[in-house]
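What follows is a single structure, written as structure tokens, with notes after it.
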Amino acid sequence: APVQYEFGWVTIAPAATAAASRSPAGARASLSASGVEHGMTATVYGITGAQLAEKVTWSSSNPAVATIVDSTGMMRDVSDGTTIITATSVVEPRRKGSAPMTITMPPPPLAPGLVINCHAEIAARTVSCGYSDDVALAPSNVQAAHGILSFDMTVQNLLPEAMGTPDGVIVDSAGIPLFFAVTAAAGGTVTANNQSGQREGRPYFGYPQKLGQNEVSASLPWQLAYTDGVTSFDFQVRVEAELQPLLVINEVMVNPNYPASPDERAAEWFEVYNAGRYPVQMQGMVIADSAASGRRPYHLIGASLIVQSGGYVVLGGSANTSTNGGAPVNYATGASISLMNSLDALKISRVYGAGDTLTIDRTQFASAAVSAQNGVSRELKNPALDNSNMDGSNWADASVTAVYGSAGRGTPGAQNSGYTPNRLPAGTGPVRLSRTAGQSPP
């Protein structure tokens, strides 16, 4: 609505076109972490009603609801609420116009990740969900009455990583949330009716538990409300949960034979293998070793260190191959790790909650003759084996033919020289549940 003064007025309207890098004016387009933008134009009029070629400045009375992005009149939604957008002539500030705006933020799109497509038929009382290598959704006991489609839903974890837990032991405070979003509903609308809560603008159904590989959750009742005229609809479920990092201390060089190094710690290293299906970011995790005198202070991994699924990273005292014996170290720990030649332990932990540390993996040794041979690394025969005792039979010396750098024996950053394939008995692979449910029997 223009505000008319004796000096003229300004009208505000949706822009005919937006900047080339933005969506057409008036269109709502999700922007990553920056809200939704709308193009606006202002037309300036003099007191006689003649249109004037004057530029304007823009302002929002409530920037917490909507802000002005630039001088072209691009408005960005921030949150639900109301604001007044004002355009003021730069030639005569008493020529201005304002437009009240009510902002309703759209729910954000489902983030990339584990998304499963499902389909529901009201009359047939069926719900079916698509296939995933990572989880299986199993709806059952489907009923439809009085505008409510109800069914029970279980989740099966098909990942090698435990789900809903930061370390495989404790249950994460968020459990396993399943986010719900309708993607198509012919003839009306469909909404979640008994969701556990909302996060990121999306309703979710929460499973307060952790699931190991192939484990099935407790059944949770879902209710979806549909309006008259809806006969079928499609929806997506995004599974978002903490995953146990399946990091394995896979090889350790305790006693490097590299006289050229001024400090033996520079040539010490250990290798970490990711036995999980998803990459693991080690930045923010902590590492430490413990000798007879006790555990040394934790070293916080302060730089990005991603371990790909089935991949390796090497952590060592120095990444300089001229002082570390030629080991391809991905992350240098400096002097914070100092492996003794007997009675020492090495562990990886993650910080969780209010300063708690949860052990991700740990190994130890007590025999210098076995685990601290001069210039010979100790290798785990298979990452699936118990690696807690480096002196034990699950570990072996690096082969005499496995030479790296300047005559060191080991395979840092590669499959161990003594690797032994793990042959699972028949029938131990993933067992998948049915993911289609129909009308319950009477």
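For this structure, a couple of remarks:
- Take the Cβ atoms of Asn374 and His146, set R0 to 60 Å, and the FRET efficiency comes out at 0.15.
- GNM remark for the chain: springs join alpha carbons under 10 Å apart, and the peak mean-square fluctuation among Thr333, Thr154, Thr86 falls on Thr86.
- Accessible area of the chain belonging to carbon and sulfur atoms, whole % at 1.4 Å probe: 53 percent
- With R₀ fixed at 45 Å, the C-beta to C-beta distance from Ala303 to Tyr131 puts the FRET efficiency at about 0.75.
- Potential lengthening of the chain between Ser61 and Asp263 amounts to 66.4 nm, from the contour at 0.36 nm per residue minus the alpha-carbon distance.
- Accessible surface, per residue, of the chain when the full set of protein chains is kept, probe 1.4 Å, Å²: 46 Å²
- The dipole here belongs to the stretch 165-270: it is taken about the Cα centre, uses +1 on the Cβ of Lys and Arg and -1 on the Cβ of Asp and Glu, and is about 420 debye.
- Answer label, with volume of the Cα convex hull per residue in Å³ calculated from the coordinates and candidates (1) 185; (2) 148; (3) 211: (3)
- Approximate spin-label separation Ser399-Thr41, in nm, with each point projected 7 Å along Cα-to-Cβ: 7.4 nm
- Over the Cα atoms of the stretch 185-327, the radius of gyration divided by the Kirkwood radius equals 1.23; this is the Rg/Rh ratio.
- Distance from the stretch 334-387 to the stretch 152-210 (C-alpha centre basis), Å: 36 Å
- Under 30 Å from Lys381, Cα to Cα: lysines that are on another chain or at least 8 residues apart: Lys210, Lys347
- If you run the Gaussian network model on the chain, springs between alpha carbon atoms under 10 Å, then out of Ile85, Ile176, Ile249 the most flexible one is Ile85.
- Stretchable slack from Val351 to Thr72, in nm (0.36 nm times residue separation minus alpha-carbon distance): 95.8 nm
- The trypsin sites (Lys or Arg not before Pro) found in the stretch 65-165 that occupy coil by DSSP, while having at most 13 further C-beta atoms within 10 Å, are Arg94.
- 3J(HN,Hα) along the stretch 363-378, derived from phi through the Karplus expression 6.51 cos²θ - 1.76 cosθ + 1.60 where θ = phi - 60°, amounts to 9, 8, 8, 10, 9, 5, 5, 9, 9, 10, 5, 5, x, 10, 7, 9 Hz, with x in place of Gly and Pro.
- Loop-located trypsin sites (Lys or Arg not before Pro) in the stretch 224-333 whose Cβ has at most 12 other Cβ within 10 Å (DSSP): none
- Lysines with Cα under 25 Å of Lys55, excluding same-chain neighbours fewer than 8 positions away: Lys96
- Residue-count net charge about Ser196 - beta-carbon cut-off 15 Å; Lys, Arg +1, Asp, Glu -1: -1
The values are calculated or read from the model by the stated rules, or taken from the named source; none is laboratory data. The model shown is predicted, which means the values in this text are computed figures rather than measured ones. Glycine also receives a Cβ, built like all others from the backbone with ideal geometry; neighbour counts cover every protein chain displayed. Surface accessibility is based on the protein's heavy atoms, side chains included, excluding ligands, DNA and RNA. Shrake-Rupley method; radii C 1.70, N 1.55, O 1.52, S 1.80 Å.
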